[in-house]
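S.K.: Before we start, here is the structure in question, set down as structure tokens.
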Amino acid sequence: MHGYDLLVVGSANADLVIGVDRRPAAGETVLGSDLVTHPGGKGANQAVAAARLGARTALLARVGDDPHGRLLGDSLREAGVDTAGLLTGGAPTGVALITVDPSGDNSIVVSPGANARLSPEDVRAAGELLGAARVVSLQLEIPLDTVASVAAAVAATDARVVLNPSPPAPLPAEVLAACDPLVVNEHEARYLLGAGAGDTPESWAAGLLALGPRSVVVTLGAAGALVADPAGHVRIPSLPVNAVDTTGAGDAFTGALAWRLGAGDDLETAVRFAVRVGAAAVTRAGAQESFPTLEEVAAL
Ligand code: ADP
């Protein structure tokens with residue numbers, strides 16, 4: 001019995017954003033705009049993206065016993081995410097301190113906080129949640145040990161693992177072998193492949209498949225995405241949209257992709273849907289605030 005289309009295991013952060021005329025150099029103080037606080041973190045973003053589309057979604061994550069943690073719980077519940085797996089305590093809620101200058105360039109300091117305390121023990125204790133999901137989606141803003149323990153637990157079930165290795169880090173072979181698909185952007189692909197990556201998305205996909213995942217999706221920004229598995233590859237174009245802010249587009253894409261896989265779509269069909277969700281997300285400012293409903297995707 002699958003109670004959820006999708007379980008996301010990942011991070012939940014408060015994004016603290018200040019606009020500045022100029023980002024400060026070492027030793028310098030600058031005055032900025034009023035502080036704006038947004039719910040964020042790749043795990044929470046993916047869960048919100050999927051739930052807003054109508055997916056039965058749960059999140060396994062850890063926040064602090066503090067106002068930022070409550071902000072995240074509220075935003076997740078408002079989007080319809082099941083928060084039974086939102087654990088509390090151990091450290092303050094993870095925070096991203098973001099300064100943005102008028103050109104849109106930003107500087108970011110992340111304090112992982114409670115995200116760094118989401119442990120393999122937490123994964124073991126969440127066995128029921130893991131057993132109830134068709135697809136489990138992972139990123140790397142939580143400890144790699146924890147990611148590996150989820151991949152191992154899912155291997156014993158009929159569920160499917162989706163991994164976006166962001167921020168990129170070296171991945172153990174067992175984790176790579178569990179991915180179906182591994183979802184990367186250009187930067188993550190080049191990181192995982194190192195020298196000799198080649199210069200085309202097709203060459204990255206071939207190189208990544210050789211590392212062991214069952215399938216690979218390379219996101220290509222305005223150009224859409226490439227889907228590849230050992231049987232072949234296909235490019236899925238994006239839709240022409242007026243891009244306003246690409247923050248969170250990758251999370252919306254991957255949350256949507258993971259949901260459609262959980263709902264029974266094949267990979268190519270799921271990616272055709274996910275590029276529409278990614279395109280919709282770039283037409284509005286912000287991350288979670290920009291994620292579309294199913295009606296908005298259909299109207300695109
Ligand atoms: P990331 O945000 O992780 O770097 P991408 O920039 O590749 O990832 O974007 C993820 C997805 O969002 C793309 O595959 C695409 O579907 C969509 N997307 C991103 N930028 C645009 C854009 N300018 N126009 C249309 N779709 C976009």
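The values are calculated or read from the model by the stated rules, or taken from the named source; none is laboratory data. Quick caveat, the model's predicted, so the values are computed rather than measured. Cβ placement follows ideal geometry from the backbone for every residue including glycine, while neighbour counts extend to all protein chains displayed. Remember, those area values only see protein heavy atoms, side chains included, never the ligands or the DNA or RNA. Shrake-Rupley method; radii C 1.70, N 1.55, O 1.52, S 1.80 Å.
S.K.: Considering only the other residues whose Cβ falls under 14 Å of the Cβ of R160, what net charge follows from Lys and Arg at +1 and Asp and Glu at -1?
M.R.: Working: positive: R134, R214, R260; negative: D5, D158, D180, D229, D265, D266.
Once all neighbours under 14 Å are counted, the net charge is -3.
S.K.: Related question: Indicate the gyration tensor shape class of region 156-203 (rounded, prolate or oblate), computed on the Cα atoms with a ≥ b ≥ c the square roots of the eigenvalues: a/c under 1.5 is rounded; otherwise a/b larger than b/c is prolate and the rest oblate. If you can, show how the numbers build up before the last one.
M.R.: Details: a/c = 2.30, a/b = 1.98, b/c = 1.16.
In terms of gyration-tensor shape, prolate.
S.K.: Ok, one more. Taking every DSSP beta bridge with both residues inside the chain, roughly what % is antiparallel (nearest 5)? The partial results should precede the final answer.
M.R.: Details: 21 of 51 bridges.
That works out to approximately 40 percent antiparallel.
S.K.: So, with a 1.4 angstrom probe, what is the percent of accessible area on region 10-113 that is carbon and sulfur?
M.R.: 54 percent
S.K.: Quick one: P(r) of region 193-298 from all Cα-Cα pairs, 5 Å bins, percents rounded to integers, in order of increasing distance.
M.R.: Per 5 Å bin, starting at zero, the Cα-Cα P(r) for region 193-298 comes out as 2, 14, 22, 23, 18, 12, 8, 2, 0 percent.
S.K.: Moving to a separate point now. Given 37 °C and 0.692 mPa s, how large is the Stokes-Einstein diffusion coefficient of the chain in µm²/s, with Rh as the Kirkwood radius over Cα pairs? Don't jump to the answer; show the numbers that get you there.
M.R.: Details: Rh = 19.2 Å.
Approximately 171 µm²/s, per Stokes-Einstein.
S.K.: If you roll a 1.4 Å probe over the heavy atoms of the protein chains, what accessible area per residue do you get for the chain, in Å²? Mind showing how you got there, number by number?
M.R.: On the way: 12740 Å² over 300 residues.
That works out to 42 Å² for each residue.
S.K.: Sticking with this one: Run the dipole for region 1-93 about the Cα centre, Lys and Arg Cβ at +1, Asp and Glu Cβ at -1, nothing else charged, and hand back the magnitude in debye, nearest 20.
M.R.: Values: 8 positive and 10 negative charges, 50 e Å.
Computed about the Cα centre, the dipole is about 240 debye.
S.K.: Now a separate question. Under the rule of -39500 (n - 2.57) per DSSP H run of 4 or more residues, summed and divided by the residues of the chain, what mean residue ellipticity at 222 nm is obtained, to the nearest 500 deg cm²/dmol? Walk me through the numbers before you get to the answer.
M.R.: On the way: 11 runs with 106 residues, N = 300.
Rounded to the nearest 500, it is -10000 deg cm²/dmol.
S.K.: What full-extension length gain, to one decimal in nm, is calculated for A25 and E128 as 0.36 nm per residue of separation minus the Cα-Cα distance?
M.R.: On the way: separation 103, 0.36 × 103 = 37.08 nm, distance 4.87 nm.
The A25-E128 span can extend by a further 32.2 nm.
S.K.: Rounded, prolate or oblate: pick one for region 100-249, where a ≥ b ≥ c are the square roots of the eigenvalues of its C-alpha gyration tensor, a/c under 1.5 means rounded, and failing that, prolate if a/b is larger than b/c, else oblate. Present the calculation step by step, with values, prior to reporting the outcome.
M.R.: Numbers: a/c = 1.76, a/b = 1.21, b/c = 1.45.
Here region 100-249 falls in the oblate category.
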